[in-house]
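Reading through the structure tokens given below for one structure.
The values are calculated or read from the model by the stated rules, or taken from the named source; none is laboratory data. Treat the numbers as computed from the prediction; the structure is a model and nothing was measured. Cβ: placed from backbone, ideal geometry, glycine included. Neighbour counts: every protein chain shown. Ligands, DNA and RNA are excluded from the accessible area calculation, which covers all protein heavy atoms including side chains. Shrake-Rupley method; radii C 1.70, N 1.55, O 1.52, S 1.80 Å.
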Amino acid sequence: MGLSSVSGAVSVPPQGRRTGVAAHRPGPSPAADPAEEHLAEEHPGEERPGDGPPDPPRPHVVELRLSAFAGHRRAVFPLGPCTFFVGPSGSGKTTALRAYGALAALAGGRTVEEAFPDPTACVPERARPDAQRRRGFRIGCTADGPEGPVRLDVAVQAEPEPRIVGERLTAGGVVLLETALRDPGRRSVQAAWHTAGQTPVTRAPLPDDRLGTALLPLRVAGTTDGQRRVLAAAEQLVVALRSVFACDPRPERMRAEVPVGSGRLLSGCDNLADVVWRTRSECTRRHARLVAAARAGCAGPVTDVAAELLAGGTVRGLLDRGDGVRTPLGRLGHGELRYLALSLVLLTGPGVLEVDPVREVPAALQTLGVLADGLDRGLDPVQRAELTGLAARMGARGHIRLVGSVSDPSGLAETDGVTVVHLEP
């Protein structure tokens, strides 16, 4: 494919900037949280978030690579437990998150057309077609976990028709899977994966519209050490990507009553009241922390975040003011609703609250990767600082990893545990 350089530069510090944050109005540490202390007295045998030794490493994405994608060229972005992309409009913040989400969709079994609804828009602007009039883009990522760093690189043809024309899975310096388009007239690629048995490499065709790494468990028997290594690396990469939850709270959809459902949080947080209805009784520790977050970021007194079951099987959310007044969530401001929804997402975790994209991944393997483009949209400085601190604290436990973009980077450089990636147009 012809992928030429594009105008504009992307400036990213080699290891990002990891510094620490004094929030504008910092929230208490987990140990000092009055709600947590009260719960500890009620349930002295329960482990609280932030207590105890760190959990074993779970698969998680530590690096995003946009070798040639839209306005990015040879860009390598480090991803920590809490990462924020910052930069002026047009610097590529949304584009980077869109690429991450597309990789997650491919790992979840989506076709290339489903993962990239407008593939031509992903082609670098000045990329020239090759002799067959083909143009495309290249992206990749690295997932760390029990198998060590596992690297995935994907080449996608956008024109004349979308297809995956090349893929490479690498771990420990060994190429475990490699695919290539040999015959443009066939809707398949030639794949070769590591075997390390009597036959060092196994070759077979794979479809050109899906990620080969996600198909390996259906193709590799796992009878040799080499095959087992391939399966373990592929599983780690797929689990890390499939545990991504793209979140963009829509306050206009959160004000109405909603039917009582499964309690799984939707990406637009439309069913916030239903989720509060479930978590208030099932996840008391996390709910107590949600109440503490609401108290810190919402106007007026807050003693509880409640849900009320109404006639007809619907439920609405409420803020209990503590004096007999209960304010429906529908009366809250745009920023308050976004703040509450994002706080709930950050307090979500495997085994605590199910969300749609990760329900097929065992909870013991999940690190919920939250993607939040424009996280600070509609928030005031206090709310932004509270969310940043909450994300850093939850990320330290290894159950939640946040990758977001913000328009206002003030205060981020002082938040402990935050990785800041600076972009330039």
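Of all trypsin sites (Lys or Arg not before Pro) in segment 291-327, which ones are in loop regions per DSSP and have a Cβ with at most 16 other Cβ atoms within 10 Å?
Counting only loop positions with at most 16 other Cβ atoms within 10 Å, the trypsin sites (Lys or Arg not before Pro) in segment 291-327 are Arg321.
Rounded to the nearest 0.05, what FRET efficiency is calculated for Ser188 and Thr120 with R0 set to 25 Å and r the Cβ-Cβ distance?
Efficiency at R0 = 25 Å is approximately 0.65.
Just report the Cα centroid separation between segment 114-160 and segment 256-321, whole Å.
40
Taking R0 as 25 Å, what FRET efficiency do you get between Val175 and Glu63 from their Cβ-Cβ distance, rounded to the nearest 0.05?
Calculated value: 0.90.
Work out from phi, with θ = phi - 60° and the Karplus expression 6.51 cos²θ - 1.76 cosθ + 1.60, the ³J(HN,Hα) of each residue of segment 321-327, listed in order in whole Hz, and give x for Gly and Pro.
Going residue by residue, I get 8, x, 10, x, 9, 10, 8 Hz, with x marking Gly and Pro.
Quick one: pull the percent of accessible area on segment 363-425 belonging to carbon and sulfur, 1.4 Å probe, ligands and nucleic acids left out.
Summing carbon and sulfur atoms, their accessible area is 57 percent of the total for segment 363-425.
Can you tell me the FRET efficiency between Glu308 and Glu414 if r is taken as the Cβ-Cβ distance and R0 is 41 Å, rounded to the nearest 0.05?
My answer for the efficiency is 0.55.
Using the per-residue mean of other Cβ atoms lying within 10 Å as a proxy for protection, in what order, highest first, do the peptides 77-83, 170-176 fall?
Per-residue mean Cβ counts within 10 Å order the peptides as 77-83, 170-176.
Using 0.36 nm per residue, how much length does the chain from Ala196 to Ser281 gain when fully extended, once their Cα-Cα distance is taken away?
Full-extension gain reported as 25.4 nm.
For Cα pairs less than 8 Å apart in space and 6+ apart in sequence, what is the mean separation divided by the residue count of segment 200-333, i.e. the relative contact order in percent?
It rounds to 17 percent for segment 200-333.
Compute the distance in nm between two label points, each set 7 Å from the Cα along the Cα-to-Cβ direction, one at Arg264 and one at His422.
Distance between label points: 4.2 nm.
Expressed as a whole percentage, what fraction of the accessible surface of segment 150-236 belongs to carbon and sulfur atoms when a 1.4 Å probe is rolled over the protein heavy atoms?
48
Compute, for segment 232-274, the length of the dipole vector about the Cα centre, with Cβ point charges of +1 (Lys, Arg) and -1 (Asp, Glu) only. Units Debye, rounded to 20.
Charge dipole of segment 232-274: 40 debye, to the nearest 20.
For Ala75, list long-range residues whose amide hydrogen, built 1.01 Å from N in the peptide plane, is under 5 Å from its own amide hydrogen.
Excluding prolines and chain starts, which carry no amide H, the hits are Leu66, Ser67.
Would you work out the charge dipole size for segment 100-249 about its Cα centre, treating the Cβ of every Lys and Arg as +1 and the Cβ of every Asp and Glu as -1, and quote it to the nearest 20 debye?
Charge dipole of segment 100-249: 420 debye, to the nearest 20.
How much area per residue is accessible in segment 164-322 when the probe is 1.4 Å and only protein heavy atoms are counted (Å²)?
In whole numbers, segment 164-322 has 44 Å² accessible per residue.
Under 11 Å from the Cβ of Leu290, count the other residues' Cβ atoms, weight Lys and Arg +1, Asp and Glu -1, and hand me the total.
Counting the neighbours of Leu290, the net charge comes to +4.
Give the relative contact order (percent, whole number) for segment 63-207; include only Cα pairs under 8 Å separated by 6+ residues.
RCO, segment 63-207: 16 percent.
Quick check: pseudo-label points 7 Å beyond the Cα along Cα→Cβ at Arg228 and Arg74, how many nm apart are they?
Placing both labels 7 Å beyond Cα along the Cβ direction yields 4.2 nm.
Might you tell me the accessible area per residue for segment 88-140, computed with a 1.4 Å probe and given in Å²?
49
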